[in-house]
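Here the structure comes first, spelled out in structure tokens, and everything after it is commentary.
The numbers here are math on the coordinates, done by the rules we state, and not lab data. Just so we're clear, the structure is a prediction, and the values are computed from it rather than from any experiment. Virtual Cβ from ideal backbone geometry, glycine too; neighbours counted across all protein chains shown.
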Amino acid sequence: MNKKSITSPILGERFLRVEHPSGLTILLCPMEGYSTAYAMFSAKVGSIDTTFKTQREEDFVEVPAGIAHFLEHKMFECDDGDAFAKYAKTGASANAFTSFDRTAYLFSCTGNFRESLEILLDFVSRPYFTPETVQKEQGIIGQEIRMYDDDPGWRSLFNLLGALYHVNPVRLDIAGTTESIAQITSDLLYRCYHTFYSLGNMVLTVAGNFRPEEVLETADKILRKGEEVRIQWRKAEEPREVAAPYVEQSLSVSTPLFQLGFKGEAGDSLTNLRRQVVDEILLEILCGESSPLYRRLYDSGLINGTFEYEVLAGRDYLCCMYGGESREPKKVREAICQEARRMAAEGIDPDAFRRCKKSTYGRYIGMFSRVESVASLMMGAYFAGLENMYELLDYVRDLTLPELETRLREDLDPRYSALSVVNPA
Amino acid sequence: MSQELNRAELAEGVSFTSIRDRKFKHNYISISLLTPLEEETVTANAILPYLLRRGSKNCPDFTKLEQTLCELYGASLSADVGKTGGYQLLTCSIVGIDDRFALEGESVSAGCARLLGEILLQPNIIDGAFPEEDFRLEQQNLIDTIQADINDKRAYTVNQCRALMNEGSPLAIPKYGWVEKAREITPQAAAERYARLIDTAKVEIFFVGCGSPDGAREEFSRLFGALDRHPVPFRLPPIVEKAGAVKEKTVEMEIAQSKMAMGFRTGALADKKQMDAAKLMSYLYGGSPFSRLFVHVREEKSLCYYCAARFDSVTGVMLVDIGVERENQPAARAAILEQLSAVAAGDFTDEELESARRAYVNSLRSVPDGLSSLEGWYLAQILRGSRLTPEEEAQDIAQVSREQVIAAAGAVTLDTVFFLASKPGEPEKEEESHE
């Protein structure tokens, strides 16, 4: 078994990377003094994986939107009972989530760690779907979709992604639609499973209160090496231009909500991870709470305390977003775009750069202080192709002004922006 | 035990609680002012944390304040309004990285304590009033916040149920107050409210983190020591034990999914044993993915995505909420009540009870791993005059018997049903338009 210890001189901490004989990579970060152990068994598959094949198949398959999320729900059902019922015997708190590009099964526990880990590795390794159980789940997920239909923040985000992207599947709602999930069958679920849930396409990350030997012994017991699966995606030919500069919808809300998005220059996953770090600093400098523009917008009543920013990045997509409540979202868009153009022409204030770098550095230290965020970070960095997650701190510390200015021109170009508004009905 | 709790009285009605644990990388300080929920004052109180967050006498400029926070490695300064029992909680807090991570040897923790002290106790009040411009903005923001309670339909339904359940009592008063009252506040009135609260509120200061709390304690001791305070005695209102006739209300809205919240009274919780039994019972009933509600209402009947129970030990209220299709509401309601009757009839296995117990104990033992979960835990303990650790609570939960759980479920009575119904007929498909 190939083991490697990766350390951070800044934090004085380390984690262990193990290449398990089953083909699974295991990342382990014991954290002294914590009561909780947090384990995530994740597959590199999400809502963007809509058209794919492996070396076993001749043709690409196009699957209904929302299938990765549906699969996540269905994995909890096993031929020998429900996974939650098994966790009930250990006391672990278990959950799972599906995002654009990953699916994670997780638990946190303060005791019976080995037993809970065994349950996790076992149920994710053994798919069990029947037409009856698939039909039952359509009712439950149908209600989940209806819940999100009423969520103004969620709607404004997905309307924005639909406006920014023509064909990139990041534009699709993660849970799909009631129509798309009606097309899901147990056969399609098996095909997705056998494509994406091979151990070479997964990672196990554990942080907190546990001993590495417990994990490795459990992995030896449960995991078996399978056939190597080579996944091919049909990449959507996404133009640089946005699909629509403006989109709106009416819902029962009190004041309009908006999301303003800039479609960035997407590279591969690792490039996008680095760009995400840099772009977050950029968004803070441009219109974070410490910026003059934020102050102008706030003082003129155009934005309020709900205003925030976020960078969304993964395979083939990168976008920078500002959002919140505003009575005049179009004026907010104008002001932010104008400031982006001004900064691109006049350069970024070096003092703001230094300050925001410092605050981001502090924020990143924070990500290493909770068991759940350490386990997530190890997983995210691994899937992006970054071997050493601590390098994120170095990215921030070593960032230069010219690099930031390049990102400003490429990722915050107003020509590639779109505005999504949810108006009161 | 690595987490020793220290508590000191800094001034009359001002307590400082510290929990130090070297595993953390941050230090967190919060100051909460507790004041009775009253119709006349609740709205003007609610604006104060946000007004204070705009800046202090020493740093009246919001942008400069934010830049100072950047220099403190992105320390996060928050203002918040909450409520517990019949009290409104006005909180200002700050969290920053420990000094050992500062790249240039600065003392982040001292900077954070000083800033928080200035924000709370040296506000930018000039001639008895907050600055007009800051005030107008925060007044509008408060109005927006009050009105935005319909945006989150699940939270809205729960809030409406609670308000209906407690009609006529302080518990029904919304934590941000009312729009009409918000319009009436003036910069002078806000300053007067501030002075009154600093004089009379119960003040709870928390320091949780890896660093030494000494600096913060000295800072707040000095600041509060300079005041001549007249705190109002703190008393949580008694619990309503039993429901009368069931109160029902239905409101229609243009939504895709209907929501229902059911409020229950849980009987006399006179001693700790009854309280523990009620907590464990609500876990068994609807607190986990293997609870009665999850397994029988969601998984077996496929009626919903969520259906859960939560118990508030301060008010003795258990609340069940569900997102459901309008036409399925009667079936959901019947199923929820049926599961409660099953628990009261002892129609559950020992294994189910032990599962609920394990899950609850697991959540208790996770409390010491988070700064804010520690603060939340001990603040709740202190307000009820206790100092119980999560581990001690876990040991108490281990003692609850099957009979006690059955008795706890038997004491539950349905008080209120609030139903947020989608307008009849298929909701219109989203209208999207492009510019």
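At q = 0.12 Å⁻¹, what is the base-10 log of I(q)/I(0) for chain B according to the Debye formula with one equal point scatterer per Cα and no solvent? Please give it to two decimals.
For chain B at q = 0.12 Å⁻¹, log10 I(q)/I(0) is -1.13.
Across peptide B:98-104, what mean number of C-beta atoms from other chains lies inside 10 Å of a residue's C-beta? List each step's numbers first, then the result.
Working: counts 2, 0, 2, 9, 4, 5, 1.
Partner Cβ neighbours, averaged per residue: 3.
Evaluate the charge dipole of chain A about its Cα centre and quote only its size in Debye, nearest 20, assuming +1 on the Cβ of each Lys and Arg and -1 on the Cβ of each Asp and Glu. Intermediate values should be presented prior to the final figure.
On the way: 48 positive and 63 negative charges, 141 e Å.
In total the dipole reaches around 680 debye.
Where the convex hull is taken over the Cα atoms of region B:305-406, what is its projected area averaged over directions, in nm²?
8.1
By what distance, in whole Å, do the Cα atoms of region A:164-279 stretch along each of the three principal axes, largest value first?
Computed over the Cα atoms, the extents are 54, 39, 35 Å.
What is the sum of charges, Lys and Arg at +1 and Asp and Glu at -1, for the other residues whose Cβ falls under 10 Å from the Cβ of B:G323?
On the way: positive: A:R146, B:K153, B:R154, B:K259; negative: A:E144, A:D150, B:D321, B:E325.
Here the charged neighbours net out to 0.
So what's the gap between the Cα centers of region A:111-158 and region A:1-41, to the nearest angstrom?
27
Starting from the 7 Å offset along Cα-to-Cβ, what nm value, one decimal, do you get for the label separation of A:D59 and A:D79?
Here the answer is 3.0 nm between the modelled labels.
Based on the Cα atoms of region B:4-225, what semi-axes does the equivalent ellipsoid have, where each is the square root of 5 times one gyration tensor eigenvalue, given in whole Å with the largest first?
30, 20, 17
Convert 20 °C to kelvin, take the viscosity as 1.002 mPa s, use the Kirkwood radius over C-alpha pairs of the protein assembly as shown as Rh, and evaluate the Stokes-Einstein diffusion coefficient in µm²/s, rounded to a whole number.
Details: Rh = 28.7 Å.
Approximately 75 µm²/s, per Stokes-Einstein.
Just going by the charge dipole of region B:247-422, with Lys and Arg at +1 and Asp and Glu at -1 on Cβ, which of B:S366, B:F264, B:V405 is farthest out on the positive end?
It is B:F264.
Only four residue types carry charge here, +1 at the Cβ of Lys and Arg and -1 at the Cβ of Asp and Glu. Report the dipole size of the protein assembly as shown about the Cα centre in Debye, rounded to the nearest 20. Mind showing how you got there, number by number?
Values: 96 positive and 129 negative charges, 222 e Å.
It works out to roughly 1060 debye.
What per residue convex hull volume, in Å³, do the alpha-carbon atoms of region A:246-424 yield? Intermediate results must be reported in sequence, preceding the final value.
Details: hull volume 22.4 nm³, N = 179.
Value for region A:246-424: 125 Å³ per residue.
Mean projection of the alpha-carbon convex hull of region A:135-219 over all orientations, in nm²? Don't skip to the end; give the middle numbers.
On the way: hull surface 36.0 nm².
So the Cα hull casts an average projection of 9.0 nm².
Compute log10 of I(q)/I(0) for region B:247-422 with the Debye formula, placing one identical point scatterer on every Cα and leaving out solvent, at q = 0.10, 0.12, 0.16 Å⁻¹, to two decimals.
The Debye formula, applied to the Cα set alone, gives -0.40, -0.58, -0.97.
Assuming a viscosity of 1.002 mPa s and a temperature of 20 °C, what translational diffusion coefficient in µm² per second does Stokes-Einstein assign to region B:101-172, Rh being the Kirkwood radius over Cα pairs?
On the way: Rh = 16.5 Å.
For the chosen part, D equals 130 µm²/s.
Treating the beta-carbon of each Lys and Arg as +1 and of each Asp and Glu as -1, no other charges, what is the dipole magnitude of chain B about its Cα centre, to the nearest 20 debye? Before the final figure, lay out each step's value.
Details: 48 positive and 66 negative charges, 212 e Å.
Dipole of chain B, to the nearest 20 debye: 1020 debye.
Sum -39500 (n - 2.57) across every DSSP H segment of at least 4 residues in the protein assembly as shown, then divide by the residue count to get the 222 nm mean residue ellipticity, nearest 500. Please report the intermediate quantities before stating the final value.
On the way: 29 runs with 359 residues, N = 860.
-13000 deg cm²/dmol, from helical runs alone.
For the pair A:Q338 and A:D299, how long in nm is the line joining their label points, each one 7 Å along Cα→Cβ?
Each label point is offset 7 Å from its Cα along the Cβ direction, giving 1.5 nm.
So what's Rg/Rh here for chain A, counting alpha carbon atoms and using the Kirkwood radius for Rh?
Working: Rg = 22.3 Å, Rh = 22.9 Å.
Computed over Cα atoms, the ratio is 0.97.
Ratio of Rg to Rh for region A:2-233, alpha carbon only, Kirkwood?
Working: Rg = 18.6 Å, Rh = 18.9 Å.
Value, to two decimals: 0.98.
Tally Lys and Arg at +1 and Asp and Glu at -1 over the other residues with C-beta under 13 Å from the C-beta of B:L227: what net charge comes out?
Numbers: positive: B:R196, B:R222, B:R229; negative: B:E12, B:D199, B:D228.
That works out to 0.
Of B:A189, B:S78, B:F24, which is farthest along the charge dipole of chain B in the positive direction, counting Lys and Arg as +1 and Asp and Glu as -1 at C-beta?
B:F24
Taking K and R as +1 and D and E as -1, what net charge do the other residues with C-beta under 10 Å from the C-beta of B:Y156 add up to?
Taking every other residue near B:Y156 into account, the sum is +1.
What does the extension gain come out to for B:H230 and B:E392, with contour length at 0.36 nm per residue minus their alpha carbon separation? Could you put the intermediate results ahead of the total?
On the way: separation 162, 0.36 × 162 = 58.32 nm, distance 3.46 nm.
That pair, B:H230 and B:E392, stretches by 54.9 nm at full extension.
For the residue pair A:E308 and B:E218, what label-to-label distance in nm results when each label sits 7 Å from Cα along the Cα-to-beta-carbon direction?
That separation, rounded to one decimal, is 3.7 nm.
Between A:E241 and A:T130, what FRET efficiency follows from the Cβ-Cβ distance if R0 is 51 Å, with the result rounded to 0.05?
Result of the calculation: an efficiency of 0.70.
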